[in-house]
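Some notes on the structure that comes next.
The values are calculated or read from the model by the stated rules, or taken from the named source; none is laboratory data. Values in this document were obtained by computation on a predicted structure and should not be read as measured data. Cβ sites come from the backbone with ideal geometry, for glycine too, and all protein chains shown count toward neighbours. The protein model used for the area step is the full one, side chains on, heavy atoms only, and it has no ligands, DNA or RNA in it. Shrake-Rupley method; radii C 1.70, N 1.55, O 1.52, S 1.80 Å.
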Amino acid sequence: MSPNSDSILSQELSRRTALKALFGAASAAVLFGLPARAHAAETSKETTDKLNAAQAQLDEVQAQLDSIANEYAALANKNAQTLNDIENVQGKIDDTQAQIDEKKAELKKKRNDLSDRVAASYKSGGTNILSLLLASGSFEELVANAHYVEKINKSDRDAIEDIQTIQEELDAQKTELESQKADLEKLKDQQTAQMQDMQAKQQEVQTVLNGLSDDVKELMAQRDSEILAAAQAEEAARKAAAAAAAANKNNSYSGGSSSGGGSYAPGTPQQNAGSGKQQAVVNACYSTPSPGQNWCAAWVTNVFRNAGVGYFGGNACDMFNAWCYSSDRSALQVGMIVADSSHSGTGAPGLIYGHVGIYVGGGIVMSNEGAITSKPLDSFISFYGTGSGVRWGWLGGIALS
């Protein structure tokens with residue numbers, strides 16, 4: 001495997017995780033502007049069934065790829081340990097060889113010294129030893145001097161034998177170490193072959209996964225198209241009904257006036273908004289229902305559309321990057337969006353898309369968490385600020401105050 005292969009595999013796995021998160025959140029760019037109601041029923045059963053089947057296959061193949069990645073990582077760790085063992089054994093072999101070379105040199109010197117003494121004695125006709133014996137003043141001294149000569153020869157022989165014994169032991173030790181190294185080299189080759197097989201298998205599974213990803217994306221586009229068509233029909237019907245109601249009202253009353261103010265749930269506290277647009281956004285926060293789990297930005301889009309401010313699509317991280325410019329609490333105003341671009345609190349969707357809510361005043365941020373929640377600003381920042389951090393600003397760059 002190339003040096004950056006683990007990084008590439010990690011990127012591929014992250015890309016697949018992102019796709020699954022996208023599947024769970026649907027195509028936000030297409031759907032965020034739709035009326036805030038459940039559209040699942042308006043998707044054909046055939047499309048839904050195909051999409052669910054493709055999702056199941058995608059999850060199954062992704063699980064296979066994850067398993068291969070985990071097995072490969074474990075094998076790579078074992079291979080690294082094998083390489084360390086080979087390196088350690090080679091170090092011992094080198095040390096042993098150095099000791100063998102040292103003993104060989106010592107043995108050679110001993111043998112040379114003994115050879116030199118024998119040669120010198122021969123050249124002198126043995127006079128040195130003979131002189132030593134003839135110089136003895138008594139029989140006892142002669143015996144003692146003869147024993148001394150024999151002891152010198154035995155000492156030389158013993159020294160040579162000791163060195164030979166040590167050299168033989170070192171040779172045996174080196175042979176054993178070389179055998180260990182050969183076994184480790186064989187293990188390394190086996191592990192390398194296994195890793196290559198896993199790489200090939202990973203590529204096969206990745207190819208299947210890529211094909212399934214394309215299938216899922218096509219089915220998602222088909223599903224979104226069906227939802228969009230149903231929503232457009234619903235919106236046209238709503239406008240037609242509103243026009244008819246207005247015509248009937250004009251026919252029934254003359255000079256009448258309609259009551260103002262936003263619609264929100266009875267008992268919902270009004271916020272101290274600084275302008276009509278700010279108050280309209282606050283009212284819309286309380287009256288706009290959740291479009292579903294993971295659709296926080298869709299809810300924000302619907303709130304601003306229902307408040308009459310305008311339509312702003314995109315997901316939470318899009319809104320964060322485009323419009324959230326401040327973390328100064330003194331700059332936070334009612335009607336501002338409060339968002340992050342990535343956090344770890346809600347798994348893959350949060351890591352990839354972040355989260356966004358709306359500040360409604362009184363230190364409270366409302367957002368869609370599957371249901372519409374109201375959280376103190378500090379709690380919101382504590383939970384969603386674990387990654388990119390939380391910032392705020394005017395959605396679309398339109399200052400409501």
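Some points to look at:
- Applying the criterion of being at pLDDT below 75 and of a type in the set (S, T, Y) to the residues of the range 200-225, the residue that is nearest to L65 (Cα to Cα) is S213.
- Members of the range 296-338 found to be of a type in the set (K, R) and surrounded by 15 or more Cβ atoms within 10 Å (Cβ to Cβ), listed by number: R305
- For first residues located in the range 43-59 and without any contact (Cβ under 8 Å) to a residue 60 or more places away in the chain, partners that are not hydrophobic (A, V, I, L, M, F, W, C) and lie 6+ apart or on another chain with Cβ distances below 8 Å form the pairs D59/K20.
- Residue within the range 111-130 that is within 30 Å of D183 (Cβ to Cβ), open to solvent by less than 60 Å² (accessible area, probe 1.4 Å) and at pLDDT 60 or above present: no
- Inspection of the range 176-190 identifies no residue that is surrounded by 14 or more Cβ atoms within 10 Å (Cβ to Cβ), assigned to a helix (DSSP H, G or I) and at pLDDT below 80.
- Selected residue [out of contact with any helix residue (DSSP H, G or I) (no Cβ under 8 Å at 6 or more places or on another chain), under 26 Å from L184 (Cβ atoms), assigned to a helix (DSSP H, G or I) and modelled with pLDDT under 80] from N70, N79, N88, N84: N70
- Pairs, first open to solvent by less than 80 Å² (accessible area, probe 1.4 Å) in the range 195-221, second polar (S, T, N, Q), C-beta under 7 Å, six or more apart: M195/N79; V205/Q64; L209/Q62; L212/Q57; V216/Q55; L219/T47; M220/S27
- The single condition among (1) open to solvent by 50 Å² or more (accessible area, probe 1.4 Å); (2) modelled with pLDDT of 90 or more; (3) not hydrophobic (A, V, I, L, M, F, W, C) that Q293 does not satisfy is (2).
- Test: residue in the range 349-358 that is surrounded by 23 or more Cβ atoms within 10 Å (Cβ to Cβ), out of contact with any Phe, Trp or Tyr (no Cβ under 8 Å at 6 or more places or on another chain) and at pLDDT 95 or above: yes
- You will find that of D340, D328, D318, the residue that is among the acidic types (D, E), closer than 17 Å to G393 by Cβ and touching a His at 6+ places or on another chain (Cβ under 7 Å) is D340 and no other.
- Among the residues making up the range 336-377, those that are more than 22 Å from F304 (Cα to Cα) and not hydrophobic (A, V, I, L, M, F, W, C) are S342, H343, S344, G345, T346, G347, P349, G350.
- Close pairs (8 angstrom Cβ cut-off, 6 or more residues apart or separate chains): farther than 16 Å from I86 by Cβ in the range 171-186, open to solvent by less than 60 Å² (accessible area, probe 1.4 Å) and assigned to a helix (DSSP H, G or I) anywhere: D171/I100; Q173/T96
- Subset of the range 359-396 [aromatic (F, W, Y), open to solvent by less than 20 Å² (accessible area, probe 1.4 Å) and more than 11 Å from M336 (Cβ to Cβ)]: F380, Y384
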